[in-house]
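Asker: Please read through the structure below; I'll follow up with questions.
The values are calculated or read from the model by the stated rules, or taken from the named source; none is laboratory data. All values reported here derive from a predicted model rather than from experimental measurement. Keep in mind that these areas ignore ligands, DNA and RNA; they rest on the heavy atoms of the full protein, side chains included. Shrake-Rupley method; radii C 1.70, N 1.55, O 1.52, S 1.80 Å.
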Amino acid sequence: VNYLGNLYNGLSPPDNTMAISDGGMVISAVNTNIEFDTTVAPGGSYYYQSLLYFFNDTSLHYANIFDPRVIYDSGQDRFIVVALYGNQSANSQILLAFSKSNKPSDGFWMYKIPGNVISGCWFDYPAIATSTNELFISGNTFYNAGIFNQTVVFQIDKMSCYAGAPLNY
């Protein structure tokens, strides 16, 4: 199947990411938008929105959402989307979305974690991985002046998030 994928609009570094499910569902994201596609013939896109619209939180501003990451959890047949918000300790947040089913169009459970877990620092450069029961998010913390502090790892109970229960990390 051939189709046009998520296009980079040139406004910021693309920081592109993509995950494909066993059933041929695709989620791809760049620093500005997210797209759902299918590889099932005839293939193609069926959802395309800004990251701001996807996370649907009125406290967020478009220009401050960045570094999206997407992973397909084959053990649970679900998707997880992670993005960052804010580049100062006062507004740093980690945005999380856990798919409600194996079809991205069925919606997501949305969560936020404060990115300023170290006083006076903000969170950047995320990497994500899953185990049987958990999601791990690693990243670097920076002082507000932009100087590196240290790396931190969040360990999150993914099973409760797949159920829409409160976030436990």
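Asker: Report the Cα centroid-to-centroid distance between the stretch 1-55 and the stretch 79-135 in angstrom, as an integer.
Answerer: Taking the Cα centre of each part, the stretch 1-55 and the stretch 79-135 sit 18 Å apart.
Asker: Can you pull the three principal axis extents for the Cα set of the stretch 60-99, in Å, largest first?
Answerer: On the principal axes, the stretch 60-99 reaches 36, 16, 13 Å in Cα extent.
Asker: Round to a whole number: what % of the accessible area of the stretch 2-49 belongs to carbon and sulfur, probe 1.4 Å?
Answerer: Answer for the stretch 2-49 is 59 percent, counting heavy atoms of protein chains only.
Asker: Per residue, what accessible area does the stretch 95-156 have, given a 1.4 Å probe and all protein chains present, in Å²?
Answerer: Ligands and nucleic acids excluded, the result is 47 Å² per residue.
Asker: Among the aspartates and glutamates, select those whose C-alpha is under 12 Å from the C-alpha of K100, and discard any that sit fewer than 8 residues away in the same chain.
Answerer: D77
Asker: Enter the mean projected area of the convex hull around the alpha-carbon atoms of the chain, in nm², rounded to one decimal.
Answerer: 9.5
Asker: OK, next. When the chain is treated as a GNM, springs tying every alpha-carbon pair under 10 Å, which of T132, T32, T141 comes out with the largest mean-square fluctuation?
Answerer: T132
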